[in-house]
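> Would you mind keeping the following structure in view while I ask a few things?
The values are calculated or read from the model by the stated rules, or taken from the named source; none is laboratory data. The model shown is predicted, which means the values in this text are computed figures rather than measured ones. In this analysis, Cβ positions are derived from the backbone assuming ideal geometry, glycine residues included, and neighbour counts consider all displayed protein chains.
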Amino acid sequence: MPQASPQPIDLPFLQGGGECGEIIRETDWSKTPLGTPESWEPALKIALGVLLSSPFPMHITWGAEFIQFYNDGYRPILGSNKHPQAMGIPIWESFSEIWDTIGPIFHGVMEGQAVRFKDFKFILNRNGYSEECYFNFTCSPVKDETGNIRGIVTNVIETTDKVRAFIDNKRAKLELEVVQAETASQRDRFAQFFMQAPAAICILTGPDYRYELVNPLYQQFFPGRDLLGKPLTEAIPELVGQPLMGIIENVYRTGELYEGRELYVPMARKADGIIEERYFNFIYQPRPGPGGKVDGIFVFAIEMTDTVLARRKIEASANLFRMQLNAIPNIAWTNKLDGEVDFYNQQWYNYTGLDEKQFNGREWGSIIYPDDLDYCLDSFQCILKGTTGGEYEIRERRADGEYRWHLVRILPIKNEQGALQSWIGTATDIHDLKMLAAQKDDFICIASHELKTPVTSLKSSLQLLDRMKEQPSPVMLPKLIAQANRSVEKIGSLIEELLDASKLNQNQLNMVKKTFKVSEMLKSCCNHVRAAAKHELIFQGDLELTVFADEHRIDQVVVNFVNNAVKYAPESKNIYLMVKKMGRYVKVSVKDNGPGISPDKIPHLFNKYYRAEYTGAQYSGLGLGLYISAEIIHRHDGEIGVDSKLGKGSTFWFTLPLSS
């Protein structure tokens, strides 16, 4: 069969046709002598339209090459060996074993000789072995608009079962004639054979299907019921109106053998018993009487109820298992023993955004981050070689295009005897955990660096002081002591931030609230900024407003805001501290006239460990100040935020409830 084209063909005359129609549409016909479907001649298009819309088995060969088309009705004739590869290739390739027989027939039809055959015998190899098959078929030429023969349409019905049934029936008729000619003792031996047969057998006689013979195994289907000599519907009245009766009537009327598999027949076992859900494999073989007319039916039956119900239980268990997988929040799937995925839960489709109906399970590799694919395949194959399962970490693409880290676990599913049946896999999103771990690693490096600088400075100051302790220098001594004090203050500030962050994590950051005037708190804080005399703190707003809060913690927030203004807006000489009443709240703001903050940084300013950059320079600090400030305000039932535009300064603010 020619390889499939990249996109399915969408032409009106190729619509429908079930499985075979889909194969025709997806076949790359440009690689065949016929060319692309758009270029096909009208006669072929019309013939294909008829073929795809017909439920009758049809087959078309086209051109001198005898290129094949067929519909779903014809497909069973090809068995498992010839379909779907037969589509689009010459018929002599598909049916090479009988081409010597049908080749002359097809060449004759191409010359205008239509043919018809009944119960024609072929020896076909269509299921991996040679078998005797029979067919009724006609072959008719297909002409184009100029009358030239361009192809052949074949209408075919396989009569193998009918011929075999006829042969069997003929054989049974001969056997019956022999039996009828035998003595009574021979008839007794024949009856005895049925009675001792290892299958459930009965004989139904006449148009009321009266039980003429019932062997012990058949009687076991209906313990306690009196069957022999009674009409079928009298012995088993619950059969009235059931499809089974229509089948029996058809066999009796037409003389055609019927074979049914796992046929549903609701029946009671005992006459007064409960109607049960029962399933049987049946063979109804007509018995010819004098003159060849059917006068009875041989019934061969095997009850399949336990098998059917057991299979349904397994299927129900599998469906329940899949429902449970759909209920869990993780991505989950199951693999066959060879690793092929045979089920994805709904979370997989929700995460990937793939269409469940269109997704081919073999395309899962497209979801894996390219750099992780080889590692994923190697890890997966290594797990499949064992029996205990395993895990590995990879990145998988989300529906929005983001690749996120997942922990993949593959575990074995074993039966009660411990034999491996299949595999189950889960993928847990660990992206945020990995990012947090990376943040913590960065924080440790930052903290180490930030503490190292003041410790080194303090150590240096103490070493110099130690050297001059015998002869202290009146000039250097104050400078060294001041430098040592600054280093101690820096170390203390860093340690306090670390302790506050730790207390926040453990929910131990205590608040000692009281009523105080906001303006007095603002005037008493930030003395270190006033002492440096580089910036002027300007107070604005309602200076009489009071709040009920932890004054020390609120002071800590304001100092953090002011320190940031000094650090990131060094050229802004004026720093404004503003107080404003807003309904039941007080809004406190710290405003500078510095360079402002980039919009992409604003959403992250209050995140743990975040440190902003200013004109390419990274400032010192642990990235905890604003995070701690936000937690303090939130624990006061207030809000915190920042308003900033590049080139126009920044305003950090928070709100607190007014004191009642």
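> What helices (runs of 4 or more DSSP H) completely inside segment 83-196 contain at least 2 residues that are among the aliphatic types (A, V, I, L, M), at pLDDT 90 or above and not assigned by TED's automatic domain parsing to the domain that holds Q219?
Values: elements: 91-94, 99-110, 160-181, 184-196.
Counting at least 2 such residues, we get 99-110.
> Determine, yes or no, whether P33 is in contact with an Asp or Glu (Cβ under 7 Å, 6 or more places away or on another chain) and surrounded by fewer than 13 Cβ atoms within 10 Å (Cβ to Cβ). Outline the logic, then answer.
Numbers: in contact with an Asp or Glu (Cβ under 7 Å, 6 or more places away or on another chain): yes; surrounded by fewer than 13 Cβ atoms within 10 Å (Cβ to Cβ): yes.
So P33 passes the test.
> Hey, another quick one. Which strands (runs of 3 or more DSSP E) sit wholly inside segment 371-443 and have at least 2 residues that are of a type in the set (G, A, S) and surrounded by 11 or more Cβ atoms within 10 Å (Cβ to Cβ)?
On the way: elements: 390-397, 403-414, 420-429.
Strands (runs of 3 or more DSSP E) meeting the threshold: 420-429.
> Here's another thing I want to ask about it. Any residue that is part of a loop (DSSP other than H, G, I, E, B), touching an Asp or Glu at 6+ places or on another chain (Cβ under 6 Å) and crowded, with 16+ Cβ neighbours inside 10 Å - is there at least one of those in segment 10-18?
In the first step, residues of segment 10-18 are kept if they are part of a loop (DSSP other than H, G, I, E, B); the result is 10-11, 15-17.
Now drop any that are not touching an Asp or Glu at 6+ places or on another chain (Cβ under 6 Å), which leaves none.
No; the residues of segment 10-18 include none that is part of a loop (DSSP other than H, G, I, E, B), touching an Asp or Glu at 6+ places or on another chain (Cβ under 6 Å) and crowded, with 16+ Cβ neighbours inside 10 Å.
> Looking at segment 290-351, what strands (runs of 3 or more DSSP E) fall wholly within it and have at least 1 residues that are over 25 Å from E391 (Cα atoms) and charged (D, E, K, R)?
Working: elements: 294-303, 331-335, 341-344.
In segment 290-351, 294-303 are the strands (runs of 3 or more DSSP E) which contain 1 or more residues that are over 25 Å from E391 (Cα atoms) and charged (D, E, K, R).
> Output the number of residues of segment 206-221 satisfying the condition of being in a helix (DSSP H, G or I) and out of contact with any helix residue (DSSP H, G or I) (no Cβ under 8 Å at 6 or more places or on another chain).
Filtering segment 206-221 down to residues in a helix (DSSP H, G or I) leaves 216-219.
Keeping just the survivors that are out of contact with any helix residue (DSSP H, G or I) (no Cβ under 8 Å at 6 or more places or on another chain) gives 217-219.
Residues in segment 206-221 being in a helix (DSSP H, G or I) and out of contact with any helix residue (DSSP H, G or I) (no Cβ under 8 Å at 6 or more places or on another chain): 3 in total.
One line per residue, one yes/no per condition, for (1) in contact with an Asp or Glu (Cβ under 6 Å, 6 or more places away or on another chain); (2) modelled with pLDDT of 85 or more; (3) over 21 Å from P329 (Cβ atoms); (4) of a type in the set (D, E):
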{"residue": "Q347", "(1), (2), (3), (4)": "no, yes, no, no"}
{"residue": "D371", "(1), (2), (3), (4)": "no, yes, yes, yes"}
{"residue": "G386", "(1), (2), (3), (4)": "no, yes, yes, no"}
{"residue": "P412", "(1), (2), (3), (4)": "no, yes, yes, no"}
{"residue": "E450", "(1), (2), (3), (4)": "no, no, yes, yes"}
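> Do the conditions hold for G224, that is, is it part of a loop (DSSP other than H, G, I, E, B), in the same structural domain as D295 (by TED's automatic domain parsing) and in contact with a Gly (Cβ under 9 Å, 6 or more places away or on another chain)?
Values: part of a loop (DSSP other than H, G, I, E, B): yes; in the same structural domain as D295 (by TED's automatic domain parsing): yes; in contact with a Gly (Cβ under 9 Å, 6 or more places away or on another chain): yes.
For G224, the condition - part of a loop (DSSP other than H, G, I, E, B), in the same structural domain as D295 (by TED's automatic domain parsing) and in contact with a Gly (Cβ under 9 Å, 6 or more places away or on another chain) - is met.
> Scan Q381, Q421, Q347 and give me the residue that is touching a residue at least 24 places away in the same chain (Cβ under 8 Å) and touching a strand residue (DSSP E or B) at 6+ places or on another chain (Cβ under 6 Å). Show your work before the answer.
Working: Q381 fails: touching a strand residue (DSSP E or B) at 6+ places or on another chain (Cβ under 6 Å); Q347 fails: touching a residue at least 24 places away in the same chain (Cβ under 8 Å).
Of the residues listed, the single one that is touching a residue at least 24 places away in the same chain (Cβ under 8 Å) and touching a strand residue (DSSP E or B) at 6+ places or on another chain (Cβ under 6 Å) is Q421.
> Just one of I367, I275, I283 is touching an Asp or Glu at 6+ places or on another chain (Cβ under 9 Å), touching a residue at least 24 places away in the same chain (Cβ under 8 Å), hydrophobic (A, V, I, L, M, F, W, C) and exposed (fewer than 14 other Cβ atoms within 10 Å of the Cβ); which is it? If you could, list the steps in order and put the result at the bottom.
Numbers: I367 fails: exposed (fewer than 14 other Cβ atoms within 10 Å of the Cβ); I283 fails: exposed (fewer than 14 other Cβ atoms within 10 Å of the Cβ).
The unique qualifying residue is I275.
> Determine whether F106 is surrounded by 13 or more Cβ atoms within 10 Å (Cβ to Cβ), touching a residue at least 24 places away in the same chain (Cβ under 8 Å) and under 30 Å from R164 (Cα atoms).
On the way: surrounded by 13 or more Cβ atoms within 10 Å (Cβ to Cβ): yes; touching a residue at least 24 places away in the same chain (Cβ under 8 Å): yes; under 30 Å from R164 (Cα atoms): yes.
When the stated conditions are applied, F106 passes them.
> OK, next. Please go through segment 556-582 and give me each residue that is over 53 Å from the mean Cα position of the chain (by Cα) and surrounded by fewer than 17 Cβ atoms within 10 Å (Cβ to Cβ), ordered by number.
Answer for segment 556-582, where residues must be over 53 Å from the mean Cα position of the chain (by Cα) and surrounded by fewer than 17 Cβ atoms within 10 Å (Cβ to Cβ): P570, E571, K573, N574, K580, K581.
> Could you check segment 23-71 and list, in sequence order, the residues that are under 14 Å from V142 (Cβ atoms) and either in a helix (DSSP H, G or I) or not assigned by TED's automatic domain parsing to the domain that holds S96 (or both)?
Answer for segment 23-71, where residues must be under 14 Å from V142 (Cβ atoms) and either in a helix (DSSP H, G or I) or not assigned by TED's automatic domain parsing to the domain that holds S96 (or both): P42, A43, L44, K45, I46, A47, L48, G49, V50, L51.
> Here's another thing I want to ask about it. Provide a single number: the residues in segment 201-247 that are without any contact (Cβ under 8 Å) to a residue 40 or more places away in the chain and of a type in the set (A, V, I, L, M, F, W, C).
Here the count works out to 13.
> Of all residues in segment 63-97, which are touching a residue at least 40 places away in the same chain (Cβ under 8 Å) and touching a strand residue (DSSP E or B) at 6+ places or on another chain (Cβ under 7 Å)?
Once the filter is applied, which keeps residues that are touching a residue at least 40 places away in the same chain (Cβ under 8 Å) and touching a strand residue (DSSP E or B) at 6+ places or on another chain (Cβ under 7 Å), segment 63-97 yields G63, F66, F69, Y70, N71, Y74, I77, N81, A86, M87, G88, I89.
> Please enumerate the residues belonging to segment 36-64 that are surrounded by 14 or more Cβ atoms within 10 Å (Cβ to Cβ), of a type outside the set (V, I, T) and under 21 Å from G147 (Cβ atoms).
W40, E41, A43, L44, K45, A47, L48, G49, W62, G63
> Restrict the check to segment 607-621 and report whether at least one residue is surrounded by 13 or more Cβ atoms within 10 Å (Cβ to Cβ), among the basic types (K, R) and modelled with pLDDT of 85 or more.
No - not one qualifying residue is present in segment 607-621.
> Please work out if I203 is in a strand (DSSP E or B), over 16 Å from E303 (Cβ atoms), out of contact with any Cys (no Cβ under 9 Å at 6 or more places or on another chain) and assigned by TED's automatic domain parsing to the domain that holds I275.
Here the answer is yes, as I203 does meet what is asked.
> Would you confirm whether or not segment 341-358 contains a residue that is under 30 Å from E315 (Cα atoms), surrounded by 14 or more Cβ atoms within 10 Å (Cβ to Cβ) and of a type in the set (D, E)? It would help to see each step written out before you state the result.
We begin by selecting, within segment 341-358, every residue under 30 Å from E315 (Cα atoms); these are 341-358.
Narrowing further to those that are surrounded by 14 or more Cβ atoms within 10 Å (Cβ to Cβ): 341, 343-349, 351-352, 354.
Applying the additional criterion that residues be of a type in the set (D, E) yields none.
No; the residues of segment 341-358 include none that is under 30 Å from E315 (Cα atoms), surrounded by 14 or more Cβ atoms within 10 Å (Cβ to Cβ) and of a type in the set (D, E).
> Would you mind telling me which numbered condition in (1) within 34 Å of the chain's Cα centre (by Cα); (2) among the small types (G, A, S); (3) surrounded by 15 or more Cβ atoms within 10 Å (Cβ to Cβ) S317 fails?
(3)
> Let me ask something else about it. Do you know which residues across segment 406-438 are small (G, A, S) and closer than 17 Å to Q381 by Cα? Please lay out each step first, then the result.
Here is the first cut: in segment 406-438, the residues small (G, A, S) are 418-419, 422, 425, 427, 437-438.
If the condition is that a residue be small (G, A, S) and closer than 17 Å to Q381 by Cα, then S422, G425, A427 are the ones that fit.
> Taking R269 as meeting all but one of (1) over 25 Å from P198 (Cα atoms); (2) part of a loop (DSSP other than H, G, I, E, B), write down the number of the exception.
Here R269 meets the rest and fails (1).
> OK, next. Which condition number does T61 fail, the rest of (1) within 18 Å of E41 (Cβ to Cβ); (2) modelled with pLDDT under 95 being met?
Looking at each condition in turn, T61 falls short on (2).
> Going by what's in this entry, would I394 be described as of a type outside the set (S, T, N, Q), within 16 Å of L337 (Cα to Cα) and assigned by TED's automatic domain parsing to the domain that holds L354?
Values: of a type outside the set (S, T, N, Q): yes; within 16 Å of L337 (Cα to Cα): no; assigned by TED's automatic domain parsing to the domain that holds L354: yes.
No; evaluated as a whole, the condition is false for this residue.
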